[in-house]
1. Report the relative contact order of segment 163-260, percent, no decimals, based on alpha-carbon pairs under 8 angstrom and at least 6 residues apart.
2. Is segment 204-309 rounded, prolate or oblate when judged by the Cα gyration tensor, a ≥ b ≥ c being the square roots of its eigenvalues, rounded requiring a/c under 1.5 and prolate requiring a/b larger than b/c?
3. Under the classification rounded if a/c is under 1.5, otherwise prolate if a/b is larger than b/c and oblate if not, where does segment 253-305 fall, given a ≥ b ≥ c as square roots of the Cα gyration tensor eigenvalues?
4. Apply the Karplus parameterisation 6.51 cos²θ - 1.76 cosθ + 1.60, with θ equal to phi minus 60°, to every residue of segment 195-210 and state each ³J(HN,Hα) to the nearest whole Hz, in sequence, with x for glycine and proline.
5. In segment 163-260, what % of DSSP beta bridges are antiparallel (nearest 5)?
6. To the nearest 20 debye, what charge dipole does segment 1-83 have about its Cα centre, counting +1 at the Cβ of each Lys and Arg and -1 at the Cβ of each Asp and Glu?
7. What percent do you get for the relative contact order of segment 1-83 when only Cα pairs under 8 Å and 6+ apart count?
8. Out of segment 106-211, which trypsin sites (Lys or Arg not before Pro) are coil in DSSP terms and have no more than 13 other C-beta atoms within 10 Å?
Amino acid sequence: MEGTPQADDLLILRAVAQTGRFATAAEELGINHTTVSRRIATLEKALGDHVLARTPGGWELTELGTRAAEAAEAVAAAVAGLTGGPSGGPGISGVVRLSATDGMSAYVVSPAIARLRRRHPGIRVEIVVATRRASQIRSGLDIEIVVGQPQVHRARAIRLGDYRLGLFASAGWIAEHGMPSSLGQVLEHPLVYFIDSMLQVDDLDTPRRILPGMADSISSTNVFVHVAATRAGGGIGLLPCFMAAQHPELVRILPGEVAERLTYWLVARPESLRQPAVAAVAEAVRQATAEAEGFLLGEAPSPFHAAGPPPSA
């Protein structure tokens, strides 16, 4: 070891660890990419080994880098205590990157973050909409919200709550085709759902289990497209009940036979959850999901104001 690590260099490492990229960290810190690279090199020289390793998803902390990032959190907390109150108080600030499914993002996560920012306006949250498995490499993401229990290493998986899928069709479609009275009759009609070849989440593979052989009508990676296509008469949609409930023209089909209950999970690395802003966002989402239990199951209205787009959207 050739010297003592500088606090500024530790804070730069913290920014790179949060974003996974030198350029993004530089933009947030108000410095240039070359300065970030140079300061990381200075930190590695002081510590005597690498603190970052390049991966396909961006820069990832090494074991030494993880320890250095923990020290950086202590530095950041001390700075917050001097400039805006104690960590965990009104001085919480920072950028948090979160990925979640489209419906969860719109109806639960967004209002939860809006409510959190009224208490902590220094927190900024970037929401990446994605329906996929939890990543084994989480560079660039602080929190992931996924469907189905994740199998991850070096990360915490926190169960948030359940939601329900059901079959729906528009009132106009039912007037034209009739209301199916059995699963056999449902199979005679086209399905609106995910693109089979692009679906990455095993728990969402419901049609191949309960609706084998049902022909696709309109497929998309976006659940809002599923809802819009079903409302337009594109076929029978397998939709989250809480999203379908926003549209009175959608009629549920065979609710006693098709009521798939799936679970949302939150995934984050322990070192991320030690950051006050990340911890605050994770807790806000956890609390909001608990409040929305009846809503997510399609049994109650939303507990939030302006939770998602208006019914006419």
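Just so it is clear, none of the values below were taken in a lab; they were calculated from the coordinates. Bear in mind that the values here come from a model prediction, so they are computed numbers and not experimental data. Cβ: placed from backbone, ideal geometry, glycine included. Neighbour counts: every protein chain shown.
1. Numbers: 161 pairs, mean separation 49.1, N = 98.
Once normalised by length, the contact order is 50 percent.
2. Taking the square roots of the gyration eigenvalues as a ≥ b ≥ c, segment 204-309 is prolate.
3. oblate
4. After applying 6.51 cos²θ - 1.76 cosθ + 1.60, I find 5, 4, 6, 10, 6, 9, 9, 4, 5, 8, 7, 4, x, 6, 9, 9 Hz.
5. Within segment 163-260, antiparallel bridges account for around 70 percent of the total.
6. The dipole magnitude comes to about 160 debye.
7. Reported relative contact order: 36 percent.
8. Within segment 106-211, the qualifying trypsin sites (Lys or Arg not before Pro) (loop, at most 13 other Cβ atoms within 10 Å) are R154.
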